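Take a look at the structure set out below.
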Amino acid sequence: MNGASLDDEAVGQAFRRLMSSLMIFDYVVVFAYRGKERPIDLYSTFDAKDHVLFVSLYQAGPYLLDPFYHAACAPKQGAWRMRELAPDRFFSSEYYRTYYVQTGLAEEVGFFVPVSEQVTVVLSLMRREATGTFSAAEFALLKKAEPLVAGLVRHHWADLDRRFDTALAKTGRSRRKALHPPADGVWRHLNLTDREAAIIELVLQGHSSESIGLKLGISTGTVKVHRRNVYRKLGISSQTQLLSLYIKKLGH
């Protein structure tokens, strides 16, 4: 392991110990996000099998549909529950049913800490179904701990832009190209217009037609027309097929 990863491990363990003194949880995972670039995994407590699902598979593309990713890009700050950030139809979305439900989580809460103009670190605490959700009192404790967590992150992970630049250099891609990740290529390859692509991205994230209309400033009826046109253009009839096509094309 190199020096950076050892530092990441030490900081992650310090965060885990701090949280363990306050409450019970099953997993910790820490990601850094910069725009649409592949997130950097800074620390996690998963075994090898769970690491594949929660980290490797997530980094391959599903992060683009994750409410935490979109909150990090906003960027939001402070402690948040997943359900506070999720779109109105997230828990009935195909992404939730086919990917997120595999995690077996009852709840996920995260500390969102912007460390530069473009980078936000998200430190997640996860509880499995058997452990149950975080109580109001526990979440209030997390809120009180937020300044301490933010200080820890900003002190130790202030130079993450350089890490992202290094990761980009290894792939041979420029910063400009990184702003257009594989997901954008999926829609171009499928011959969707920009408006159609924007709507379908929001569908996959778990937004209802009403929510999409509000976000894009168009009527619910117009959203539904675009959705029907996309399904006809792609030769599909369900969100299950849409997500399957998205993930399949993302892997190419």
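The values are calculated or read from the model by the stated rules, or taken from the named source; none is laboratory data. These numbers come from a predicted model, not from an experiment. A quick note on method: Cβ atoms are made from the backbone with ideal geometry, for glycine too, and the neighbour counts reach across all protein chains shown. Remember, those area values only see protein heavy atoms, side chains included, never the ligands or the DNA or RNA. Shrake-Rupley method; radii C 1.70, N 1.55, O 1.52, S 1.80 Å.
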Please return the ranges of helices (runs of 4 or more DSSP H) entirely within segment 194-238 where 1 or more residues are within 21 Å of Asp66 (Cα to Cα), polar (S, T, N, Q) and open to solvent by 40 Å² or more (accessible area, probe 1.4 Å).
none
When you check Ala74 against the structure, is it among the aliphatic types (A, V, I, L, M), under 20 Å from Arg163 (Cα atoms), modelled with pLDDT under 95 and open to solvent by 20 Å² or more (accessible area, probe 1.4 Å), yes or no?
no
Do any residues in segment 129-148 that are within 19 Å of Val115 (Cα to Cα) and in contact (Cβ under 8 Å) with a residue 40 or more places away in the chain have Cβ atoms under 7 Å from those of residues that are open to solvent by 50 Å² or more (accessible area, probe 1.4 Å) and in a loop (DSSP other than H, G, I, E, B), where the two are at least six apart or on different chains, and which pairs are they?
Ala145/Leu22
Among the residues of segment 41-71 satisfying the criterion of being open to solvent by 60 Å² or more (accessible area, probe 1.4 Å) and part of a helix (DSSP H, G or I), which is nearest to Ser92 (Cα to Cα)?
His70
Test of understanding: among Ser116, Ser124, which residue is part of a loop (DSSP other than H, G, I, E, B) and over 17 Å from Gln205 (Cβ atoms)?
Ser116
Can you pull out the residues in segment 183-193 that are open to solvent by 10 Å² or more (accessible area, probe 1.4 Å) and assigned to a helix (DSSP H, G or I)?
Asp184, Gly185, Trp187, Arg188, His189
If you check Asp161 against the conditions, is it at pLDDT below 95, of a type outside the set (Ser, Thr, Tyr) and in a helix (DSSP H, G or I)?
no
Of the candidates Ser209, Ser219, the one satisfying the condition of being hydroxyl-bearing (Ser, Thr, Tyr), more than 23 Å from the chain's Cα centre (by Cα) and not assigned by the TED database to the domain that holds Leu85 is Ser219
Scanning segment 90-122 residue by residue, the ones that are surrounded by 16 or more Cβ atoms within 10 Å (Cβ to Cβ) and of a type in the set (Lys, Arg) total 0
Please work out if Met23 is open to solvent by less than 30 Å² (accessible area, probe 1.4 Å) and more than 11 Å from the chain's Cα centre (by Cα).
yes
Considering segment 187-218, residues that are polar (S, T, N, Q) and under 18 Å from Arg89 (Cα atoms), and then whichever is modelled with the lowest pLDDT, we arrive at Gln205
So Trp80 fits all but one of (1) modelled with pLDDT of 95 or more; (2) outside any loop (DSSP other than H, G, I, E, B); (3) open to solvent by less than 50 Å² (accessible area, probe 1.4 Å); what number is the exception?
(3)
